[in-house]
Structures are given as structure tokens and as C-alpha cells.
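The values are calculated or read from the model by the stated rules, or taken from the named source; none is laboratory data. No experiment lies behind these values; they were computed from the predicted model shown. Here the Cβ positions follow ideal geometry from the backbone for every residue, glycine too, while neighbour counts run over all protein chains shown.
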Amino acid sequence: MNFLEERIVKDGIVKEGNVLKVDSFLNHQMDIGLFDQMGAEFRRRFAEKEITKILTIEASGIGIACVVAQHFHVPVVFAKKSKSINIEGEMYIAEVESFTHKCKNQVIVSKKFLLPEDKVLIIDDFLANGCALQGLISIVQEAGASIEGIGIAIEKGFQPGGRTIRNLGFHLESLAIVESMDAETGTVRFAES
Ligand code: 5GP
């Protein structure tokens with residue numbers, strides 16, 4: 001098991017409905033030392049890639065993306081989930097269905113912050129059905145920028161997102177791939193890395 005898998009076993013909680021709660025270290029309270037290890041690992045896995053920008057989605061991707069960005073020395077842009085009066089000018093917009101909240105959101109990025117010459121690394125906390133990622137991918141494509149890679153903390157391998165994204169030809173790296181989990185016993189099994 002790698003460092004993230006060990007932490008999931010130690011502090012993750014399996015909930016009914018295929019939800020893994022990791023709010024004590026990943027997406028509510030945040031363990032920055034752990035994020036730093038994740039950043040170093042993504043840097044190693046995407047070592048051959050030239051990255052100019054990291055793109056994530058609010059809210060829980062932002063913390064991870066910021067620490068990862070310190071390993072790539074590039075700015076972070078996050079897609080906003082609602083139309084903010086603070087966003088001026090033209091925007092890229094994508095529709096995203098939320099796995100945890102069971103609703104549809106529009107996510108938006110100002111055209112100012114994603115340029116055709118950008119080489120983008122997409123970072124997010126979870127990959128389940130892939131809706132969040134598909135939204136981010138469509139925004140990058142609309143901008144005419146290139147997607148150099150996708151880095152995910154926890155992929156739920158029993159849901160179709162990972163397969164769909166890899167089948168589209170993207171370089172997707174997930175630090176922990178959950179193969180199965182059981183809410184009754186609280187056990188989590190990981191795919192062989
Ligand atoms: P997807 O769009 O791939 O179906 O879901 C991705 C998003 O849903 C993630 O950004 C994450 O916020 C949320 N999510 C999906 N599955 C889980 C889960 O098991 N636990 C938690 N905490 N969030 C999840």
C-alpha cells in the first residue's frame with residue numbers, strides 16, 4: 001500500500017451508497033503534509049510533461065491543487081460552480097452533475113485564465129462517474145489548450161469514470177484506486193498499482 005492508501009485504511013469511513021468519507025484529512029480538515037506528498041508523487045508521475053497551469057474544480061479540489069502546484073511552480077485555476085458577479089467578461093461554461101449532491105451545476109472559468117497555449121494538468125480529489133472531469137476536459141478543449149495529464153487522489157475503480165477517461169486517451173494517474181468497499185465491515189480494497 002502507498003501512503004495515501006494507508007491513510008484511507010486508517011482514517012477513511014465507508015458510508016452506504018458507495019461513498020467514502022475522507023473528511024478528516026482530505027476534503028474538510030486537510031492534512032497539508034499528506035497533500036505535499038501527493039504533490040511530489042504527481043510531479044514524479046508527470047515528470048516528462050511540461051505543465052503551465054493546474055485546473056481544478058471548487059470546492060474540495062482547490063486545497064490539493066494549490067499544494068500540488070508548488071511542485072510544478074505554476075498557477076492554479078479553479079472552475080467556479082455558480083455564476084459569480086465577480087467574474088467579468090467571457091467565460092467557458094460546462095454542465096456537471098454532482099455525485100455527492102445529486103444535482104447539476106454549471107461550472108465556469110474566465111477566458112482570461114485559460115489560453116490556447118496552456119498545457120494543463122487537471123487535479124481533483126475524487127473520480128467516480130467522471131462527470132466533474134468531463135466538465136473540466138470540455139472547458140480546456142473549448143479554450144484550445146492541451147490536456148497534458150489528469151491527477152486524481154482517490155479513484156473509485158468500481159465506477160465507470162476512470163475507464164471512460166482512459167479510453168478517451170488521457171494520461172490519468174490516480175494515487176489510490178479503490179476496487180471495492182464494504183459499509184458493513186468498513187473495509188476498503190485497492191487495485192494493484
Ligand atoms: P464524479 O463527477 O466523478 O462522479 O464525482 C466526482 C466528484 O464527486 C468529486 O469531485 C467529489 O467531490 C465527489 N465524490 C464522488 N465520490 C465521492 C466519495 O465517495 N466520497 C466523497 N467524499 N466525494 C465523492
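For the range 39-56, the criterion of being farther than 25 Å from GLN106 by Cβ, within 16 Å of the ligand (Cβ to nearest atom) and surrounded by 14 or more Cβ atoms within 10 Å (Cβ to Cβ) is met by none of the residues.
Residues in the range 123-135 that are in contact with a Gly (Cβ under 7 Å, 6 or more places away or on another chain), of a type outside the set (Asp, Glu) and either more than 6 Å from the ligand (Cβ to nearest atom) or not in a loop (DSSP other than H, G, I, E, B) (or both): ILE123, LEU127, LEU133. Among residues belonging to the range 141-192 that are of a type in the set (Ser, Thr, Tyr) and surrounded by fewer than 20 Cβ atoms within 10 Å (Cβ to Cβ), point out the one that is nearest to GLY12 (Cα to Cα). Among them, the one singled out is THR187.
I'm trying to understand the selection: among the residues of the range 153-193, which are on the phi > 0 side of the Ramachandran plot and out of contact with any strand residue (DSSP E or B) (no Cβ under 6 Å at 6 or more places or on another chain)? Once the filter is applied, which keeps residues that are on the phi > 0 side of the Ramachandran plot and out of contact with any strand residue (DSSP E or B) (no Cβ under 6 Å at 6 or more places or on another chain), the range 153-193 yields only GLY169.
Mind checking whether some residue in the range 166-176 is touching a residue at least 12 places away in the same chain (Cβ under 8 Å), more than 9 Å from the ligand (Cβ to nearest atom) and either in contact with a Ser or Thr (Cβ under 7 Å, 6 or more places away or on another chain) or part of a helix (DSSP H, G or I) (or both)? The answer is no, given that none of the residues of the range 166-176 is touching a residue at least 12 places away in the same chain (Cβ under 8 Å), more than 9 Å from the ligand (Cβ to nearest atom) and either in contact with a Ser or Thr (Cβ under 7 Å, 6 or more places away or on another chain) or part of a helix (DSSP H, G or I) (or both). When we screen ARG7, ARG44 for residues that are free of Cβ contacts under 8 Å to residues at least 60 places away in the same chain and touching a Leu at 6+ places or on another chain (Cβ under 9 Å), the only hit is ARG7. Taking SER138 as the residue in question, decide whether it is surrounded by 14 or more Cβ atoms within 10 Å (Cβ to Cβ) and either outside any strand (DSSP E or B) or at pLDDT 95 or above (or both). Judged against the criteria, SER138 is a match. Restricting SER138, SER110 to residues that are free of Cβ contacts under 8 Å to residues at least 24 places away in the same chain and more than 12 Å from the ligand (Cβ to nearest atom) narrows the list to SER110. Taking the condition within 15 Å of the ligand (Cβ to nearest atom), small (Gly, Ala, Ser) and in contact with a Lys or Arg (Cβ under 9 Å, 6 or more places away or on another chain), does GLY12 pass? Yes, satisfied.
Among residues of the range 117-133 that are more than 10 Å from ILE150 (Cβ to Cβ), those with a beta-carbon under 9 Å from a residue that is among the aromatic types (Phe, Trp, Tyr) and within 11 Å of the ligand (Cβ to nearest atom) at least six positions away or on a different chain give the pairs PHE126/PHE99; ALA128/PHE99; ASN129/PHE99; CYS131/PHE99; ALA132/PHE99; ALA132/PHE126.
Against the definition (crowded, with 18+ Cβ neighbours inside 10 Å, away from the ligand (no atom under 16 Å from the Cβ) and part of a strand (DSSP E or B)), how does VAL120 come out, yes or no? Yes; evaluated as a whole, the condition is true for this residue.
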